Structures are given as C-alpha cells and as structure tokens.
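Below: the structure, in structure tokens.
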Amino acid sequence: MSNIHVINHPLVQHKLTLMRRKDASTNSFRRLLGELATLMAYEVTRDMPLSDVEIETPLETMTGKVIDGKKLVLVSILRAGNGFLDGMLNVVPVARVGHIGLYRDPESLQAVEYYFKMPSDMNERDVIVVDPMLATGNSASAALTRLKQTEPRSIKFVCLLAAPEGIAKLQQAHPDVPIYTAAIDRQLNSHGYILPGLGDAGDRIFGTK
Ligand code: URA
C-alpha cells in the first residue's frame, strides 16, 4: 500500500462526514466537495518542483521560489470528477484541464470511451486525475491506460473515497500511479456502490436523483 496516501487532516475528515450524511442537500454536498478538493490539493501538490525567481520587494532584491502551475493538467473523469475541479483550481488556477468520458458497456461491462480532450504537449506535463469515487476501479484504470498513451511526465490519481477492491485493481494495473484519498471504506455492494460510502456522487453533486 506504499503508493496510497490517506489524507487524514481533521478538516478533511470533518467535511467528509458531513457529505456522507444522507440528508445533506445538493447545495451543501457540492460546496463541501469543493472545499475538500481545495484542502486535498495542498497535499497532492506537496512535491511540485519549485524554481528560483529574482524579484524586488519594496526594500531590496531577493530570490523567491515559484511553481510552474502551467505544466500541471487536472484531468476530470466525467461526470463526477467535475465536482472536484473548481476546488483544485482554487489552489492552482493556471493549471490546464482535460476531460475523459467513459461509459460501461452493459454487455461486456468494459469501459468504453466517448470523450477525450487533453491539452497539447502532454509529454511536458504532470497530470492529476480526479474522480470522487474509486469503486471497482474499472473506469479509473481504463482512464489511466488511455491517458498514458499521451505520455505525460507523471500521473497521480485523487479520489474522495476508495474501496479496497478499486485500490487493488488500480495498484495491479497501474502500480506507478500514486493514489490520494480521504478515506478507504469497507467494501463494494453487489451493485458496485461503496459501503458505507456516500451514494452516487454524480447524482448528489448535480441533484439528478
Ligand atoms: N460511484 C458512485 O458515485 N458511488 C459509489 O458508491 C460507487 C461508484
């Protein structure tokens, strides 16, 4: 489990509990997800490289440190990943954004791509893939396989909740991709929902149920 990072900051854990409650409104669920994404972004970007820059303060010249956020791409797995984006962009507002759309073929149960749009020059960029729920890991794994065809410099995967089954799947298929999550839940149910979980993240973000 060495490439799993559980972000157990008290603020993250507190907000996650509020989100899990079945009586949380669409409005508060969405707001809490945004706040959590901002908090998690601090942890996920902790090892971003810094470069020196010469600046002038009102008093003298100094060498400061800056990150090159333009090299960062946030990739949302549609549609629930979009609930994470704005909160992360609060921290790295100059990051580029890519989208991956996948659906599960009802017969083969395989992930089928219906949308894929990335910035150019992916081989010069570091990617953070976001999807609130790592459940079976099938769509996350397919998304990472597809993304690797663009040969980014690095990839991280960020979710809010992870099931042990999804972690195992991702670690087996993509052992090189670190996983960041706010919690590892108990198991999947027979419909592929995370237990105890928080329900259907997309429906709760967009109020579609
Ligand atoms: N996707 C969700 O939105 N919720 C789950 O519990 C599992 C997958």
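Data for the structure
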{"quantity": "Mean projection area, nm², convex hull over Cα of the range 119-209", "calculated": "6.3"}
{"quantity": "Residue among I179, I128, I55 with the largest mean-square fluctuation in a Gaussian network model of the chain, springs linking Cα atoms under 10 Å", "calculated": "I55"}
{"quantity": "Net +/- balance of residues flanking L39 in space, Cβ distance below 14 Å, scoring K and R +1, D and E -1", "calculated": "0"}
{"quantity": "Rounded tilt (10° steps) of 26-44 against the dominant C-alpha axis of the chain", "calculated": "50"}
{"quantity": "Hits among aspartates and glutamates - C-alpha to C-alpha of K15 under 18 Å, sequence gap 8 or more where chains match", "calculated": "D23, E35, E43, D86, D131, D185, D200"}
{"quantity": "Probe 1.4 Å, all protein chains present, accessible-area order of S25, S141, largest first", "calculated": "S25, S141"}
{"quantity": "Net dipole in debye of the chain [+1 Lys, Arg Cβ; -1 Asp, Glu Cβ; about Cα centre; nearest 20]", "calculated": "700"}
{"quantity": "Rg/Rg_ref, the range 30-132, where Rg_ref = 2.2 N^0.38 Å and atoms are Cα", "calculated": "1.36"}
{"quantity": "Degrees separating the helix 10-20 axis from the principal Cα axis of the chain, which is the longest one", "calculated": "30"}
{"quantity": "Dipole of the chain, positive end: most advanced residue of G199, H174, I155 [Cβ charges, Cα centre]", "calculated": "G199"}
{"quantity": "Carbon plus sulfur fraction of accessible area for the chain, probe 1.4 Å, in percent", "calculated": "51"}
{"quantity": "Ellipticity estimate at 222 nm from DSSP helix runs (n ≥ 4, -39,500 (n - 2.57)) divided over the chain, nearest 500", "calculated": "-9500 deg cm²/dmol"}
{"quantity": "Rg/Rh for the chain, where both radii come from Cα atoms and Rh is the Kirkwood radius", "calculated": "1.00"}
{"quantity": "Three principal axis lengths of the range 1-73 [C-alpha, angstrom, descending]", "calculated": "55, 35, 24"}
{"quantity": "The range 74-144 - Rg over Rh from alpha carbon coordinates, Kirkwood radius", "calculated": "0.99"}
{"quantity": "The range 175-198 versus the range 23-48: alpha-carbon centroid distance in Å", "calculated": "17"}
{"quantity": "Choice from F29, F116, F84 with maximal GNM fluctuation in the chain (Cα, 10 Å cutoff)", "calculated": "F116"}
{"quantity": "E151 paired with R79, simple spin-label distance in nm, labels 7 Å along Cα-to-beta-carbon", "calculated": "3.6"}
{"quantity": "Heavy-atom surface of the chain, accessible at 1.4 Å and reported per residue (Å²)", "calculated": "53"}
{"quantity": "Debye, to nearest 20: dipole size of the range 91-134, +1 on Lys, Arg Cβ, -1 on Asp, Glu Cβ", "calculated": "160"}
{"quantity": "Greater than 22 Å apart at Cα, pairs in K22/K169; K22/K209; K70/K148; K148/K169; K117/K209; K70/K117", "calculated": "K22/K169; K117/K209"}
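The values are calculated or read from the model by the stated rules, or taken from the named source; none is laboratory data. All of these numbers come straight from a predicted model, not from anything done at the bench. Backbone-built Cβ (ideal geometry, glycine too); neighbour counts: all protein chains shown. What goes into the accessible areas is simple: the full protein's heavy atoms, side chains included, and nothing from ligands, DNA or RNA. Shrake-Rupley method; radii C 1.70, N 1.55, O 1.52, S 1.80 Å.
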